[in-house]
Structure formats: C-alpha cells, structure tokens
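Worksheet: one structure, shown below.
The values are calculated or read from the model by the stated rules, or taken from the named source; none is laboratory data. As the structure is a computational prediction, the values presented were derived from the model and not from experiment. Cβ: placed from backbone, ideal geometry, glycine included. Neighbour counts: every protein chain shown.
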C-alpha cells in the first residue's frame, strides 16, 4: 500500500465584489458627511488600484480611514491595499494611489517557501504561479505549517485552500 500525500494551497486572494461594495459604501458616507461638504473627496476603484482624490493630505487620510473602516466591516484584510505616497494633482488637490494586492508575488513566494522548508524539512513546497502548494505525507505536519504561517506577520493576507 502506497503512502498517500496530503496537500493544501497557500493563496493571497479576496472577494472583488466585497471590495466594490466597500468602495461604494465609503463613497456614500463621504458624500453625506458634513466635514466633506464643498471639498474635493473622491474614491475611484480601478483594476489594480484605488485612487483617492482630495483637497489636502489630511482630507486624503480621512477618506482612507473611511475606506479602511468599510473594508474591515466587509471582512477584507487591510493588507490587500498598499498606500503609496500622496502626489500633487490638478487644481491644488492631492492624489493618493492604493495598490490592490492579489496573489503572492515571486519574491514573497520564494521567501515563504524557504521559511516553510526551514521549519518543516519533510514538507515539499511548489510555487505555482501566484500561489504555493504544500505537500506532505503527514496531515499533522501540514497543520503545523498552517499554524506557523498564521503566526508570521506578513505584508500580505494568506488563505489556505484545497486542503486534501
């Protein structure tokens, strides 16, 4: 009888529709709040980034705080957005671009792979595009890997899928 292998995938993903809903809720709140009356305060959701246009740095931060509260309320990790530096925009406004992070980039994948192998030498780790496949003969070892990955403070949110 051959020993069976067990595996799971490590991914960094989120529900795009929940992100759309969070941005819409933030837009509605900004349009009704007294402190944003008569000033520029806009959120624009694009494919790979969210752009905040505001009258000043302080206003951009306030808009970002509203957006973050909506993300948290919709169970989205704040790690999916990476704020850039505020840049001057037309008419004296400020533009703040937030990169949307989906998938595990190559450098992070290699780093995670090294960390997993260092802590659990009997585990095999394969990088498959923007996710990792972790394989072992022992389910307990896989559980330990998941536990260790949850303990790490990484700049990207991780989920564990296809546990077999």
Among (1) in contact with a strand residue (DSSP E or B) (Cβ under 6 Å, 6 or more places away or on another chain); (2) closer than 15 Å to residue 18 by Cα, there is one condition residue 67 misses while meeting the rest; what is its number? (1)
Hits in the stretch 146-164 - residues which are within 30 Å of residue 71 (Cβ to Cβ) and either part of a loop (DSSP other than H, G, I, E, B) or in contact with a helix residue (DSSP H, G or I) (Cβ under 6 Å, 6 or more places away or on another chain) (or both): 148, 152, 153, 154, 155, 156, 157, 158, 160, 162, 163
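Collect the residues in the stretch 149-164 that are out of contact with any strand residue (DSSP E or B) (no Cβ under 7 Å at 6 or more places or on another chain) and surrounded by 14 or more Cβ atoms within 10 Å (Cβ to Cβ), keeping them in residue-number order. Can you show your working first?
Looking only at the stretch 149-164, we keep the residues that are out of contact with any strand residue (DSSP E or B) (no Cβ under 7 Å at 6 or more places or on another chain), and these are 150-157.
Selection gives 154, 156, 157.
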Which listed residue is in a helix (DSSP H, G or I) and farther than 30 Å from residue 126 by Cβ, from 71, 53, 98, 19: 71
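Which residue out of 13, 9, 65 is exposed (fewer than 15 other Cβ atoms within 10 Å of the Cβ) and either under 27 Å from residue 130 (Cβ atoms) or in the same structural domain as residue 92 (by TED's automatic domain parsing) (or both)?
On the way: 13 fails: exposed (fewer than 15 other Cβ atoms within 10 Å of the Cβ); 9 fails: exposed (fewer than 15 other Cβ atoms within 10 Å of the Cβ).
Checking each option against the conditions leaves just 65.
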